[in-house]
Every structure is written in C-alpha cells, then in structure tokens.
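The values are calculated or read from the model by the stated rules, or taken from the named source; none is laboratory data. Keep in mind that this is a model prediction, so the values were computed, not measured. Using ideal geometry, Cβ is built from the backbone for each residue, glycine included, and neighbour counts are taken over all protein chains shown. These area figures cover heavy atoms from the full protein model, side chains too; ligands, DNA and RNA do not enter into them. Shrake-Rupley method; radii C 1.70, N 1.55, O 1.52, S 1.80 Å.
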Amino acid sequence: MKKAWIFISVLAFACSKEATDPGVSPAPQSKEIASFDQLQDKFLTPTCATSGCHFSEKDAGFAQHKLILLKGKAYANLVGVPSVNAAALSRSVLRVKKFASNESLFFHKLNWDLAHHGLVNYGAPMPLGGKPISKGQLSFVQKWIDAGAPAAGEVADPTLLDDKTPSYVQNPDFIPLPSPAEEGKSGIQLKVERFVVPPNFERELFVRRPLNNTAPVYVSRIKLKSRSNSHHMVIYDFRNKSVLPKENEIRDLRNLDNSLNILTFLQMSNHIFLGGGTDPNSDYTFPEGMALQLPANASVDLNPHYFNRTKEPLYGENYVNLYTVPADQVKKVVQMIDFGVTNFTLPAKQTTTITRDFKFDKDIVVVSLTSHFHAKGKLFQIKIKGGPRNGELIYENTDWEHPKVINYAAPISLQAGEGLTSVVTYVNDTAKDINFGLTSEDEMNIIFGYYYTR
C-alpha cells in the first residue's frame, strides 16, 4: 500500500511539473469555433458582405433586399427574420427558419438549381454577379440551419466550407425559352441576343424590337427567361410614338467608365411600363378574359440588366413571350395607368414630400402598379383615395433605378370618384433647386400600372 501511494505521488508530481515547467510543452487543447462564425468568416464576409452587395445601406441593392451581412450584424439579420422577397412573404418563408432549410430563403437563394424550388420562383440566385457556391458550402449552410441555426456551437463539418466542387454547373449554351408557336400557342417572341457583361461591371441596356404585327394584338400573358445574374428584365411601351430610338440598336445606360449615357437616359423619359420586373424568369397572366391591346405595327423597348462581380466576362441573354388571344375572347381591355406630377420644385438642401391625388371617372379595377422617379427620390408610396379603403397603403418603393412592380393577386376595385394618391419623398442635398424634367439633374413623379373598367 505504501509503494502504491509513493507511485501515485510521483505521478502527480510529474503531471504538475509538466503543467508548470516552461521546458515541457502542455497538451494541446481543442478550441471549438461556432459553425456560424466559420460561415461568417469563410463565406458571408468574403462573398456576400462586400461593397455594393450586403455591406451597408448605401449599397445599390439595399433598397430591394434590406439585408446587411457584416460580421456582428449578419446573424440578427438572418435568423427568424421575415424577408422582403415577395415570393417568400406570400408563403411566410423567413430568411432563416431554425431546423428548416427548405423553409429558409437564405438556403433557396444560394441554390442555383431552379428545379429545387419547384413551382416557386424566388428571383435571381445569389451571389448576384458571381458564380454558384460550392457543393460543400451549400451543404454546410443546410446542415447549420437544420441543426437549429445556432449562434454558438459547432454543428457542421468545417471542411465543407473549403470544398471547391460547384454546387451547380451553369449551362454555357443557355436553353432558350420555347416560342409560343413551339408550344402550340398564339403569340410573339422577342429576344435580346447574347451579349457580354464585362468583368466587375453592371451592364444595363435597351433595344427597341418591332412586333411585326399588321393588326392589333391582345396580350393575355407575358413570360420571361433570362440568363443567370440577371437583375431585371422590363418591357416598355412609348408615350410619344413620333420620337422613337432606332429599331434593333443596342443602347447602353452606362459607358464602360461607369458614367451615365445621357442620350439613353433621356429616352427613358418616354417609357410607359408594360411588363417584367426583377424576377428574371417571371410568368404573368392577366385575369381571365382580360388582355392588353397593342396597336398594329407596335414596337417595345426591352430593358435587361445584369451584374458581373467576377474577374472574367459573363453573358446576358433574354427572351420575352407575348401570348395573344383573339379579340372575341377579350371581355375587358387592360389599360395603362400613367399618372404624373409635372409642376413641382424641390428646394435646395431640403427634404420635400409631394402628395397628389388622381381620381377615376368610372368604376375600375387596378391589377398592377409600379413607379418612376430619379436619384433624389427616396420613397414612393401609393395609397387608395376615397371609399372604404381610403388611405390604405398599397405600394411602396425606395429604389429609383429598379422600381418594385406589384401584380395584385386580389385586384383593387375602385368606384367612380375614387382613385390613387402618390406620396413621394425627395432629398435634395444639392445647392440648387430641382424641378420636374427629363435629365438626370431633374426629377420625375409618375405612377404606372394596369387597370380595366368594370
């Protein structure tokens, strides 16, 4: 017994000496790094929280996504937070829902395989202007969410974040949208042929395409298809048909040095919204029996917009299908809303809110709304004027370059004498007054949309 006690004492002394003797290296101790911290450092910070993306409220896309993913802010902005994405909002899909990756918009937006989403289109995949994330990174995100999306604790294999295998192989040939005729339907297909988006550049262009219709056509459905990294695709009609850009001529909004192409910008003042939006693969059908009438020999302006945040060229390409129906199948012709305020001044160094009412002289139903203002415009709201829903906010937009388009699942019925109110806030931070006008130095205030009479 005494020998045993001596042995234990010697062993204890040796362990104590190993722990305190500077000549003896201590046993290595593992330090657990939370999975979310690893996700932040290896993925969110270098890929998402970059200037111009999800870095600050001054980023170009912040007005649309309202999401900052900087370290110290990302977790609180993701987990358990409702999204501003229209498709996600309509399905009560959170940005990140604990234990449910398939009910988390964050996971859906990182998955470039559209088949994964089923019939739901959540818009452009992320990172916008980049390439699909790796298979390992996508798996890491899924495992983290399905483990409860914890702020602390290691719940996913960190080596997954170092995987380089693409999660989705982009098809360089891009499968075009079948034309209405190829689908056995009546209609017209328009397209913007493949074009280069230079490295680290944001390319937005316009091209006027003729419909080649010798008689009026009635459009009941508009379907779009775009390449990856599309920010938006919009179709415009022209307010003044006597002043039109050349047919089939590519007109860039920005020069290669990122300066504004003033001529193209001026031509935008002649636009009336026809369809499209930020959803790169949208499919919109007017209510049954409703159609948009386009006159004989019509033409439209196609407006694709792409981001490229990589160091190599990417490509844009867009298809538009206008599905038509015979005139005798149209019960109601959808008409354009074009309500503008043209007599206003924005005093220098002031914030100004302009409110204006527009009334209908007949019973109508609003099916879609969008807005138009310039760079000093910070908030564009549309409210119902009159009737039981008087003052109800039905539209809000904060992004002057890429205005929100709302196609109402439940169209808004208004009686004669009721209408819409525009409430538009501008911040004139210059030293001179700004008036209504067509240039980038001026401002505008227009409600666009569709309605039909009852």
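Filter the range 412-436 down to the residues that are surrounded by fewer than 18 Cβ atoms within 10 Å (Cβ to Cβ) and either polar (S, T, N, Q) or touching a His at 6+ places or on another chain (Cβ under 9 Å) (or both), then identify the one that is farthest from Val333 (Cα to Cα). The extreme case among them is Thr430. Restricting the range 59-81 to residues that are without any contact (Cβ under 8 Å) to a residue 60 or more places away in the chain and under 16 Å from the mean Cα position of the chain (by Cα), the residue that is surrounded by the fewest Cβ atoms within 10 Å (Cβ to Cβ) is Lys66.
Of all residues assigned to the range 369-383, at least one qualifies as being among the basic types (Lys, Arg) and at pLDDT 95 or above. Residues that are within 22 Å of the chain's Cα centre (by Cα) and in a loop (DSSP other than H, G, I, E, B) within the range 123-150 comprise Gly123, Ala124, Pro125, Met126, Pro127, Leu128, Gly129, Gly130, Lys131, Pro132, Ile133, listed in sequence order. Considering Arg254, Arg209, Arg203, the condition of being open to solvent by less than 60 Å² (accessible area, probe 1.4 Å) and modelled with pLDDT of 95 or more is satisfied by Arg209 alone.
Scanning the range 437-454 for residues that are hydrophobic (A, V, I, L, M, F, W, C) and either open to solvent by 40 Å² or more (accessible area, probe 1.4 Å) or modelled with pLDDT of 95 or more (or both) gives a single hit, Leu438. Does Pro326 satisfy the condition of being modelled with pLDDT under 95 and open to solvent by 10 Å² or more (accessible area, probe 1.4 Å)? Judged against the criteria, Pro326 is not a match. Number of residues in the range 101-122 that are outside any helix (DSSP H, G or I) and modelled with pLDDT of 90 or more: the value is 1. Only one entry in Thr50, Thr45 is modelled with pLDDT of 70 or more, open to solvent by less than 90 Å² (accessible area, probe 1.4 Å) and not in a loop (DSSP other than H, G, I, E, B), namely Thr45. Scan the range 358-376 for residues that are loosely packed, with under 12 Cβ neighbours inside 10 Å and touching a strand residue (DSSP E or B) at 6+ places or on another chain (Cβ under 9 Å) and the total you get is 1.
Checked against the criterion of being open to solvent by less than 30 Å² (accessible area, probe 1.4 Å), within 25 Å of Asp429 (Cα to Cα) and either touching a His at 6+ places or on another chain (Cβ under 6 Å) or of a type outside the set (A, V, I, L, M) (or both), the range 347-357 contains one or more residues that satisfy it. Every condition in (1) at pLDDT 90 or above; (2) open to solvent by less than 50 Å² (accessible area, probe 1.4 Å) is met by Gly130 except one, and the failing one is (1). Of the residues contained in the range 261-270, none is found to be under 11 Å from Asn303 (Cα atoms), touching a residue at least 24 places away in the same chain (Cβ under 8 Å) and open to solvent by less than 20 Å² (accessible area, probe 1.4 Å). Is it the case, given these coordinates, that Pro158 is closer than 21 Å to Leu274 by Cβ and either modelled with pLDDT of 90 or more or of a type in the set (D, E, K, R) (or both)? The answer is no for Pro158.
What are the residues in the range 303-325 that are part of a loop (DSSP other than H, G, I, E, B) and within 27 Å of Arg208 (Cβ to Cβ), if any? Those that are part of a loop (DSSP other than H, G, I, E, B) and within 27 Å of Arg208 (Cβ to Cβ): Pro313, Val325.
For the range 97-116, the set of residues classified as crowded, with 20+ Cβ neighbours inside 10 Å and within 18 Å of the chain's Cα centre (by Cα) consists of Ser104, Leu105, Phe106, Phe107, His108, Lys109, Leu110, Asn111, listed by residue number. Whether a residue is open to solvent by 10 Å² or more (accessible area, probe 1.4 Å) and over 21 Å from the mean Cα position of the chain (by Cα) was assessed, and Val234 does not pass this test. Just one of the listed residues (Phe273, Phe286, Phe307) is farther than 25 Å from Phe339 by Cβ, touching a strand residue (DSSP E or B) at 6+ places or on another chain (Cβ under 9 Å), among the aromatic types (Phe, Trp, Tyr) and open to solvent by less than 50 Å² (accessible area, probe 1.4 Å), and it is Phe307. Checking the structure you have, find out if any residue of the range 332-340 is under 30 Å from Trp112 (Cα atoms) and buried (at least 16 other Cβ atoms within 10 Å of the Cβ). Checked against the condition, which is being under 30 Å from Trp112 (Cα atoms) and buried (at least 16 other Cβ atoms within 10 Å of the Cβ), the range 332-340 yields no hits at all. Quick check on the range 379-411: of everything there that is among the hydrophobic types (A, V, I, L, M, F, W, C) and within 15 Å of Phe448 (Cα to Cα), which residue is most open to solvent (accessible area, probe 1.4 Å)? Ranking the candidates gives Trp400 first. Answer yes or no as to whether Glu401 is among the charged types (D, E, K, R) and touching a residue at least 40 places away in the same chain (Cβ under 8 Å). Spelling it out, Glu401 is indeed among the charged types (D, E, K, R) and touching a residue at least 40 places away in the same chain (Cβ under 8 Å).
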